[in-house]
1. Provide a single number: the residues in segment 70-124 that are over 11 Å from residue 151 (Cβ atoms) and among the basic types (Lys, Arg).
2. When you look at residue 239, is it closer than 24 Å to residue 73 by Cβ and in the same structural domain as residue 115 (by TED's automatic domain parsing), yes or no?
3. Quick check, is residue 183 surrounded by fewer than 18 Cβ atoms within 10 Å (Cβ to Cβ) and under 25 Å from residue 80 (Cα atoms)?
4. Taking the conditions exactly as written (at pLDDT below 90 and aliphatic (A, V, I, L, M)), does residue 84 satisfy them or not?
5. Answer yes or no: is there a residue in segment 45-55 that is within 25 Å of the chain's Cα centre (by Cα), closer than 26 Å to residue 236 by Cβ and either modelled with pLDDT under 90 or part of a loop (DSSP other than H, G, I, E, B) (or both).
6. Can you confirm whether residue 176 is free of Cβ contacts under 8 Å to residues at least 60 places away in the same chain and either within 19 Å of residue 57 (Cβ to Cβ) or part of a helix (DSSP H, G or I) (or both)?
7. Got at least one residue in segment 190-204 being more than 17 Å from the chain's Cα centre (by Cα), over 30 Å from residue 56 (Cβ atoms), crowded, with 20+ Cβ neighbours inside 10 Å and among the β-branched types (Val, Ile, Thr)?
8. With respect to residue 39, determine if the residue is assigned to a helix (DSSP H, G or I) and either over 23 Å from residue 234 (Cβ atoms) or at pLDDT 90 or above (or both).
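The values are calculated or read from the model by the stated rules, or taken from the named source; none is laboratory data. From a predicted model like this one, the values you see are computed outputs, not experimental measurements. Heads up, the Cβs are rebuilt from the backbone with ideal geometry, glycines too, and the neighbour counts pull from every protein chain shown.
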Amino acid sequence: MLIDFFKDHAHLSSPVPIVVALGLGAVWLWCRRSSTLPRVYIALLAAGYWFVTTPLGANLLVRPVAPTIARVDSRADAAGVDTIVLLGGGIATVSVGGQTVGVPTASSLLRALEAARVFKAIDARLLVASGGSPRPARATMAESALLRRLVVEAGVPRDRVIEEATSTTTAEQARFVRDLLQPRGINRIVVVTSPAHMRRALTLFRAAGFDAIGSMAPLESEHAPPHPLLVPDSAALSVSDDALYEYAALAYYWMRGRFAVR
């Protein structure tokens, strides 16, 4: 599907847009050797790529889609909410001989550790690990299984974790988690996800009928060394990637009417 192609390849860190952008510049320069416009295009392309790979650029890009939400540190912060919904941030899987093994992306790992921290901070009674197979046709494992393992290893009791293992989009997560929790009489939740994803996630979960608050996972490990603001960095590129993806996703969901209360 076209949407799946864009999800896989329309990222700053993907080779596809880089090759396309450079290829267009090369063809333009070859065809218009005496023109300054292709040279301006290539210079702007280099400046733009530098900007999105710096911590300064990444922070500026993520700010509009990351609502100002304090992390939940106590029961008072949670306002009586005792159920956490952890939204996965992707996994990488490998299959050999019919066996599939997955590892979390950095975003998923940070989200899982944040969910475990919040769980212990508010003495929650339930944690929902949400995320299906990103590409069901490829027979990859459900993301929820890996998330469950991570939070259990981080100290969450196994019997207090349930999986939502079917969803492949944030809109589906909101609906399928609602189907899991409504029979339990739960409609107040703490949503744990990345800063860039939080605005869209909260909007969709509230549209699904939840009284949802957020606790944002950190962008990087607490022990990560500081990065110079103007020096390109792979972590900054990842943050910029997520932010630009969210701009596109918010526009797409808005046009499809996904934010309407259901």
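1. Counting residues in segment 70-124 that are over 11 Å from residue 151 (Cβ atoms) and among the basic types (Lys, Arg) gives 2.
2. On the way: closer than 24 Å to residue 73 by Cβ: yes; in the same structural domain as residue 115 (by TED's automatic domain parsing): no.
For residue 239, the condition - closer than 24 Å to residue 73 by Cβ and in the same structural domain as residue 115 (by TED's automatic domain parsing) - is not met.
3. Working: surrounded by fewer than 18 Cβ atoms within 10 Å (Cβ to Cβ): yes; under 25 Å from residue 80 (Cα atoms): yes.
Yes, satisfied.
4. Working: at pLDDT below 90: no; aliphatic (A, V, I, L, M): yes.
For residue 84, the condition - at pLDDT below 90 and aliphatic (A, V, I, L, M) - is not met.
5. Applying the first criterion (within 25 Å of the chain's Cα centre (by Cα)) to segment 45-55 yields 48-55.
Subset that is closer than 26 Å to residue 236 by Cβ: 48-55.
Okay, now just the ones that are also either modelled with pLDDT under 90 or part of a loop (DSSP other than H, G, I, E, B) (or both), so 53-54.
Checked segment 45-55: at least one residue is within 25 Å of the chain's Cα centre (by Cα), closer than 26 Å to residue 236 by Cβ and either modelled with pLDDT under 90 or part of a loop (DSSP other than H, G, I, E, B) (or both).
6. Values: free of Cβ contacts under 8 Å to residues at least 60 places away in the same chain: yes; either within 19 Å of residue 57 (Cβ to Cβ) or part of a helix (DSSP H, G or I) (or both): yes.
Yes: the conditions hold for residue 176.
7. no
8. Details: assigned to a helix (DSSP H, G or I): yes; either over 23 Å from residue 234 (Cβ atoms) or at pLDDT 90 or above (or both): yes.
Answer is yes for this residue.
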